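Working notes for the structure below.
The values are calculated or read from the model by the stated rules, or taken from the named source; none is laboratory data. The model shown is predicted, which means the values in this text are computed figures rather than measured ones. Counting neighbours? That spans all protein chains shown, and the Cβs are built from the backbone with ideal geometry, glycine included. When the accessible area is computed, the model is the full protein with side chains, heavy atoms only, and any ligands, DNA or RNA have been set aside. Shrake-Rupley method; radii C 1.70, N 1.55, O 1.52, S 1.80 Å.
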There are 2 protein chains.
Amino acid sequence: MTARIPLTPLTAAAFAPFGEVLEASGPPDRVINQGNCGRFHDLATLVAEGGGRIGVNLFDALPRALPYTLDMVERHPLGSQAFLPMHPHPWLVIVTPDEGGIPGRPQAFRAAPGQGINFAPGTWHGVLTPLAAPGLFAVVDRIAPDGEDPAANLEEHWFEAPWQVVEPG
Amino acid sequence: MTARIPLTPLTAAAFAPFGEVLEASGPPDRVINQGNCGRFHDLATLVAEGGGRIGVNLFDALPRALPYTLDMVERHPLGSQAFLPMHPHPWLVIVTPDEGGIPGRPQAFRAAPGQGINFAPGTWHGVLTPLAAPGLFAVVDRIAPDGEDPAANLEEHWFEAPWQVVEPG
């Protein structure tokens, strides 16, 4: 039997154990450009340890459908990883708590249009899962120093039995 | 008489004197996530001098229409500034060369859907000008240290006569 993980809305409070929700919510921190632009300031705790530095990448990912079969999660011990959709569509954010070095039960969030996230270093998470095409995201994460072993900042865990991420109810 | 600046397409070559175009163009640098995602790697030269650090912000800007009246440009001497649209609409990127500390004749680019940019430090540029609502962008730029004079990283120049940014032809 496959265990079911119902989707829940992505909120800053629910996501707090895993990182930050990056969104233009409420009044802006500053109004700039002669009143024409709101700045929501310094939303993400960016981390790049082990000789890395913060950089900007674009990810172009295949859209997925629900129910979504989750068979693995991964984490990056040396750096944070922010995902910012370059489209106005909802997308899936899947995380798990860490239980002594092993991922616990997954939680699945539906990011609303305009919501990005920043994973704290070491957070178990599913791979990038858009729900519509094109699945284009800006990704602000740790750029490894030249010659680093790719395994230094990537740990994967494959579940013995996959989970099914489903609509709620 | 108001001088007219015709829009041109945003390309990496045309924009090279001012910074970088951030786009998923051509084959990805790496294919990740079991073949489901292309990574366009480390696209932006991020700079934060003078005790600042790189951070992530969201900007929500009022959409503008063409012809667009350009009466000022600004620049940030201590840091780069990347703009990544969180929508699939074209938007305006306006820059000028520097001519002995004064902005020269503006150039106006129409960024295609999926194109972001990164301004090199000290690049004269217009304020954020989306062409559709919501004008939501992720902005990766220099976060000032606490207590810094805002003028330390912002220089504005108002033109004696405004420019008109117009459709080509």
Original post:
Looking at residue B:132, is it assigned to a strand (DSSP E or B) and more than 17 Å from residue B:23 (Cβ to Cβ)?
Top reply: no
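Is one or more of the residues making up the range A:133-145 farther than 24 Å from residue B:58 by Cα and open to solvent by 40 Å² or more (accessible area, probe 1.4 Å)?
Let us first name the residues in the range A:133-145 that are farther than 24 Å from residue B:58 by Cα, namely A:144-145.
Within this subset, residues satisfying the condition of being open to solvent by 40 Å² or more (accessible area, probe 1.4 Å) are A:144-145.
Yes - at least one qualifying residue is present in the range A:133-145.
Here's the yes/no breakdown for (1) surrounded by fewer than 24 Cβ atoms within 10 Å (Cβ to Cβ); (2) polar (S, T, N, Q); (3) under 25 Å from residue A:52 (Cβ atoms):
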site	(1), (2), (3)
A:80	no, yes, yes
A:87	yes, no, no
A:93	no, no, yes
A:99	yes, no, no
A:104	yes, no, no
A:107	yes, yes, no
**OP:** From B:114, B:169, grab the single residue that is in contact (Cβ under 8 Å) with a residue 40 or more places away in the chain, open to solvent by less than 40 Å² (accessible area, probe 1.4 Å) and not in a strand (DSSP E or B).
**Re:** B:114
Original post:
What is the residue count in the range A:13-57 for residues that are in contact with a Lys or Arg (Cβ under 7 Å, 6 or more places away or on another chain) and polar (S, T, N, Q)?
Top reply: 1
Original post:
Which members of the range B:117-132 meet the condition of being surrounded by 24 or more Cβ atoms within 10 Å (Cβ to Cβ) and over 18 Å from residue A:33 (Cβ atoms)?
Top reply: B:118
Original post:
Just a yes or no: is a residue in the range B:20-38 over 15 Å from residue A:139 (Cβ atoms) and touching a strand residue (DSSP E or B) at 6+ places or on another chain (Cβ under 7 Å)?
Top reply: yes
Original post:
Restricting attention to the range A:59-71, which residues are buried (at least 21 other Cβ atoms within 10 Å of the Cβ) and either under 22 Å from residue B:143 (Cβ atoms) or of a type in the set (Val, Ile, Thr) (or both)?
Top reply: none
**OP:** Determine, yes or no, whether residue A:38 is under 13 Å from the mean Cα position of the chain (by Cα), crowded, with 21+ Cβ neighbours inside 10 Å and not hydrophobic (A, V, I, L, M, F, W, C).
**Re:** no
Subject >> Residue satisfying condition, being facing chain A (nearest Cβ under 10 Å) and assigned to a strand (DSSP E or B), within set B:82, B:108 >> reply: B:82
**OP:** Can you tell me which residue among A:62, A:7, A:66, A:92 is over 16 Å from the mean Cα position of the chain (by Cα) and among the hydrophobic types (A, V, I, L, M, F, W, C)?
**Re:** A:66
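Name the strands (runs of 3 or more DSSP E) wholly inside the range A:14-67 in which the number of residues that are more than 8 Å from chain B (Cβ to nearest Cβ) and either touching a Pro at 6+ places or on another chain (Cβ under 6 Å) or β-branched (Val, Ile, Thr) (or both) is 1 or more.
Details: elements: A:19-22, A:30-32, A:37-40, A:53-61.
In the range A:14-67, the matching strands (runs of 3 or more DSSP E) lie at A:19-22, A:30-32.
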Original post:
Has the range A:121-139 got at least one residue that is over 15 Å from the mean Cα position of the chain (by Cα) and away from chain B (no Cβ under 13 Å)?
Top reply: no
Original post:
Do you know which of the residues in the range B:12-34 that are under 16 Å from residue B:115 (Cα atoms) and free of Cβ contacts under 8 Å to residues at least 40 places away in the same chain is most open to solvent (accessible area, probe 1.4 Å)?
Top reply: B:27
Original post:
Quick one: is residue A:145 modelled with pLDDT under 95 and within 13 Å of chain B (Cβ to nearest Cβ)?
Top reply: no
